[in-house]
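Undergrad: Take this structure first; my questions come after.
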Amino acid sequence: MPETSLSQRERLRQRCALLLVAITIAVLALVAAGGPAVATLSLIGPSQPFAPMSTVLGVAASAADAAAVSAAWALPDRSDLAPSRAQGFAAPQVFAHASGVPLLTPSGQAAVVGYHQAASHSAVPFEPQGAPFTNRNVPRYTPLPASPGPDYAVLADRRRGTHPTSAVDIAVPHNTPLTSPVTGTVVSVTPYLLYGRSPDLIVTVVPEGRPDLRLVMIHVNGNLVEPGQRVVAGQTPVALTAMQFGFNSQIDELAGPGPHVHIEMRRAE
């Protein structure tokens with residue numbers, strides 16, 4: 001091979017090496033500052049879309065970590081959240097019970113709570129707290145007497161043969177960190193494709209003292225927990241935020257387009 005060709009290849013090799021070093025330094029600087037690279041590094045590939053932050057950064061994740069990353073990746077507020085249904089709480093509060101287990105909202109920020117039929121027949125019906133502001137599944141569902149808690153909606157029948165309140169979608173503003181609805185132990189964090197096309201994540205928790213049940217959180221983005229970890233209701237960060245997909249969900253009819261988290265309580269199988 002001619003000498004000039006070798007020189008050109010060597011110069012190209014050197015330039016690539018320098019570029020790689022510059023990129024590495026920039027990424028490390030952003031990670032040290034808690035900037036966007038933190039969120040970027042939580043995406044590790046299609047086989048596992050979201051990695052625990054403790055695995056990526058080598059440190060224990062905390063509420064402060066979630067808040068810092070959320071702020072760094074701030075999107076416009078969810079201004080289209082239905083004003084009459086937007087509910088701001090000082091802290092997560094009980095929104096339902098399932099087989100005697102209380103569940104807290106995964107965020108104290110504004111939320112729209114909408115119950116619907118679960119696809120899984122192992123899902124246990126929720127007993128909603130609060131009062132319904134709309135019931136779109138008459139006559140299959142008769143609301144319980146009003147009680148302290150967030151107002152909620154019962155969404156239209158999906159013809160799944162499951163109870164009208166066997167699942168719940170909770171709409172939240174963009175970049176709202178999510179905490180665990182129950183106290184218990186994480187047993188799995190499973191990536192999958194929603195409807196066979198949209199990357200999604202399922203976090204499963206065994207509620208404390210209830211080995212017969214499984215709390216399932218779906219549509220979570222930026223996982224912060226791992227199997228075997230103990231979580232505390234309303235305190236332990238589970239994810240950086242909820243997922244928003246490129247298609248409309250029933251909850252969007254009430255909250256406007258935006259992220260939401262899906263929650264179920266299932267019988268152990």
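Undergrad: Would you point out which residue out of Pro227, Pro237 is touching a Leu at 6+ places or on another chain (Cβ under 7 Å) and farther than 23 Å from Tyr115 by Cβ? Full working, then the answer.
TA: Values: Pro227 fails: touching a Leu at 6+ places or on another chain (Cβ under 7 Å).
Of the residues listed, the single one that is touching a Leu at 6+ places or on another chain (Cβ under 7 Å) and farther than 23 Å from Tyr115 by Cβ is Pro237.
Undergrad: Looking at Leu201, Leu178, Leu193, which one is within 18 Å of His219 (Cα to Cα) and in contact with a Phe, Trp or Tyr (Cβ under 7 Å, 6 or more places away or on another chain)? Full working, then the answer.
TA: Working: Leu178 fails: in contact with a Phe, Trp or Tyr (Cβ under 7 Å, 6 or more places away or on another chain); Leu193 fails: in contact with a Phe, Trp or Tyr (Cβ under 7 Å, 6 or more places away or on another chain).
Going through Leu201, Leu178, Leu193 in turn, just one is within 18 Å of His219 (Cα to Cα) and in contact with a Phe, Trp or Tyr (Cβ under 7 Å, 6 or more places away or on another chain): Leu201.
Undergrad: Is there a residue in segment 94-116 that is surrounded by fewer than 23 Cβ atoms within 10 Å (Cβ to Cβ), at pLDDT 95 or above and on the phi > 0 side of the Ramachandran plot?
TA: Yes, there is a match, as at least one residue in segment 94-116 is surrounded by fewer than 23 Cβ atoms within 10 Å (Cβ to Cβ), at pLDDT 95 or above and on the phi > 0 side of the Ramachandran plot.
The values are calculated or read from the model by the stated rules, or taken from the named source; none is laboratory data. Since this is a predicted model, take the numbers as computed values, not measurements. All Cβ positions, glycine included, derive from the backbone under ideal geometry; neighbour counts span all protein chains shown.
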